[in-house]
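Everything on this sheet refers to the single structure shown next.
The values are calculated or read from the model by the stated rules, or taken from the named source; none is laboratory data. This is a predicted model, so every value here is computed, not measured. Don't worry about glycine lacking a Cβ; one is built from the backbone with ideal geometry, like all the others, and counts go over all protein chains shown.
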Amino acid sequence: THTTVAIIGGGPAGLLLARMLHNAGIDSVVLESRDRAYVEQRQRAGMLEQGTVDALRECGAAARMEREGLPHNGIELRFDRRAHRLDFPALTGGSSVMIYAQTEIVKDLVALQLDEGGPLLFEAQATGLGDGYVTYRHEGQEKTLTCDVIVGADGFHGISRAAVPSGRVYEADYPYSWLGVLADVAPSTDELIYAHSPRGFALHSMRSPTVSRLYLQVPNDTDPADWDDEQIWDELDLRFAIDGDWKLARGPITAKAVTPMRSFVTEPMRHGRLFLAGDAAHIVPPTGAKGLNLAVADVVVLARALEHWRRTGKDDLLDDYGDICLRRVWRAEHFSWFMTTMLHLAPGQSDYETRLQLAQLHRIATSEAAAAELALNYTGTV
Ligand code: FAD
Ligand code: DHB
């Protein structure tokens, strides 16, 4: 079979691109190695920038997000046993964010694609690619898809990145991970809480009015089975503690997983007619909630460039793709590194380093300029 755009990977980047291309009248085939249930259940991000929300709206994939998404106008920072709110619209000239889980975006895009779009093949693992073709394993057979363009949207562990021969990699690791849990309990807060504490970082997020999403900094290589529910709630209590009456409500924990933290960028994002998008090209540590948003931002630029190429036969926007994306990517790399290193306690960190973190947090809590810089980055307004 032949298609115009072969998309490797049915995560948010690949699915959204397929949707945008469909709307532009460009045919594509999506190859996804996992099964549908797996990609729809995989717990990941939850915070959407305004630009991400707009992209979902513009491509007609926002109906359920409008009903079920939770608009947020700020976050809370906790340190030194006190809480400080950042008011996003006031600090950014009107920007806000939306809480709507990646799992739900994926479900919405999969349903639309299967209903209206081109082929979306599950359990179809890409095994190789070259100029104008992708080979893949599907239903027990080796198959070949020929195409004009390949988009590598196959995440950090995919095969596409290796097909950019001149690729240069920039990366950093962090000496801590996140234990993330999902709990059947109403969130104990209206807005996300990012906490710096003497016991390490904690984050209170949410998925709905009845489901909370919580994260704890843990040592690398932690086995989630080492943490029982009681222990998790006790530790969250200690890290979110402030002077004053705030209480963390507990409930049954329904999912528990450990995520390592990594910064990673590969340049360029293109080789001939192969374009990398999303986690295939760049990874950020999760503290700034940028991973999913960057993936969507890449796809918006790429869809526009492919549409222009298809309509005019001209490559100029495709030529600009990587440079346009990488400016945003590096801004997000810096912001994610900044949030991560400001809020986590590295093993063996000196008291001096802790005081520097607190000095920065105090600055954000007391200076409108410092708070605005965080808010502009967080909302993706910069
Ligand atoms: P992915 O979602 O990784 O999608 C890639 C897809 O390609 C997958 O479905 C994969 O199965 C498929 N694939 C891989 N190889 C092949 C192949 N050879 N053939 C066919 N298909 C293939 N971001 C945040 O902002 N906040 C968070 O809390 C957060 N938590 C995260 C937790 C984890 C465990 C991970 C891994 C990421 C997390 N992220 C988070 C980042 C965010 O989820 C990603 O940035 C986002 O998923 C990127 O989307 P993507 O489509 O580029 O990649
Ligand atoms: C979520 C994850 C993040 O990394 C973050 O900064 C905010 C929210 C979440 O999963 O809800």
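Tell me, which strands (runs of 3 or more DSSP E) lie completely within region 1-96 with 2 or more residues that are under 18 Å from the mean Cα position of the chain (by Cα), within 26 Å of ARG273 (Cβ to Cβ) and within 16 Å of ligand 2 (Cβ to nearest atom)?
Qualifying strands (runs of 3 or more DSSP E): none found.
Which ones in region 29-60 are more than 10 Å from ligand 1 (Cβ to nearest atom) and without any contact (Cβ under 8 Å) to a residue 12 or more places away in the chain?
Of everything in region 29-60, those that are more than 10 Å from ligand 1 (Cβ to nearest atom) and without any contact (Cβ under 8 Å) to a residue 12 or more places away in the chain turn out to be ALA37, ASP54, ARG57, GLU58.
Looking at (1) closer than 24 Å to HIS204 by Cα; (2) surrounded by fewer than 18 Cβ atoms within 10 Å (Cβ to Cβ); (3) in the same structural domain as GLU49 (by TED's automatic domain parsing), which is the one condition that is false for ARG310?
That leaves (1) as the condition not met.
Counting only residues that are surrounded by fewer than 16 Cβ atoms within 10 Å (Cβ to Cβ), under 22 Å from the mean Cα position of the chain (by Cα) and either of a type in the set (D, E, K, R) or within 11 Å of ligand 2 (Cβ to nearest atom) (or both), how many does region 210-226 have?
1
Just to check your reading of the model, which residue among LEU318, LEU292 is more than 16 Å from ligand 1 (Cβ to nearest atom), touching a helix residue (DSSP H, G or I) at 6+ places or on another chain (Cβ under 6 Å) and assigned to a helix (DSSP H, G or I)?
Exactly one of LEU318, LEU292 is more than 16 Å from ligand 1 (Cβ to nearest atom), touching a helix residue (DSSP H, G or I) at 6+ places or on another chain (Cβ under 6 Å) and assigned to a helix (DSSP H, G or I), namely LEU318.
Please count how many residues of region 93-146 are of a type in the set (A, V, I, L, M, F, W, C) and surrounded by fewer than 16 Cβ atoms within 10 Å (Cβ to Cβ).
Total satisfying the criteria: 2.
Please work out if HIS334 is touching a strand residue (DSSP E or B) at 6+ places or on another chain (Cβ under 7 Å) and either surrounded by 14 or more Cβ atoms within 10 Å (Cβ to Cβ) or of a type outside the set (Asp, Glu) (or both).
no
Would you point out which residue out of ALA303, ALA297 is part of a helix (DSSP H, G or I), under 18 Å from the mean Cα position of the chain (by Cα), in contact (Cβ under 8 Å) with a residue 60 or more places away in the chain and within 16 Å of ligand 1 (Cβ to nearest atom)?
None of the other options fit; the residue is ALA297.
Residues to consider are ARG331, ARG311, ARG327; find the one that is closer than 30 Å to ARG363 by Cα, without any contact (Cβ under 8 Å) to a residue 12 or more places away in the chain and part of a helix (DSSP H, G or I).
ARG327
Checking the structure you have, find out if any residue of region 71-88 is within 16 Å of ligand 1 (Cβ to nearest atom) and closer than 30 Å to ALA371 by Cβ.
Yes, some residue in region 71-88 is within 16 Å of ligand 1 (Cβ to nearest atom) and closer than 30 Å to ALA371 by Cβ.
Any idea which of ALA18, ALA62, ALA37 is outside the structural domain of ARG207 (by TED's automatic domain parsing), within 26 Å of SER212 (Cα to Cα), surrounded by 16 or more Cβ atoms within 10 Å (Cβ to Cβ) and hydrophobic (A, V, I, L, M, F, W, C)?
ALA62
How many residues does region 147-197 hold that are away from ligand 2 (no atom under 16 Å from the Cβ), in contact with a strand residue (DSSP E or B) (Cβ under 6 Å, 6 or more places away or on another chain) and closer than 30 Å to PRO209 by Cα?
Result for region 147-197: 0.
Tell me, which residue of region 198-209 that is within 12 Å of ligand 2 (Cβ to nearest atom) and under 14 Å from LEU238 (Cβ atoms) is surrounded by the most Cβ atoms within 10 Å (Cβ to Cβ)?
Restricting to residues being within 12 Å of ligand 2 (Cβ to nearest atom) and under 14 Å from LEU238 (Cβ atoms), the top hit is ALA202.
Restricting to region 171-206, name every residue that is assigned to a strand (DSSP E or B) and polar (S, T, N, Q).
Residues satisfying the conditions are SER177, SER205.
Quickly run through region 284-298 and pick out the residues that are farther than 13 Å from VAL329 by Cβ and more than 8 Å from ligand 2 (Cβ to nearest atom).
Residues satisfying the conditions are PRO285, LEU292.
Taking the condition of being within 21 Å of HIS22 (Cα to Cα) and either in contact with a Lys or Arg (Cβ under 6 Å, 6 or more places away or on another chain) or not assigned by TED's automatic domain parsing to the domain that holds GLY60 (or both), how many residues in region 113-157 meet it?
Selection size over region 113-157: 2.
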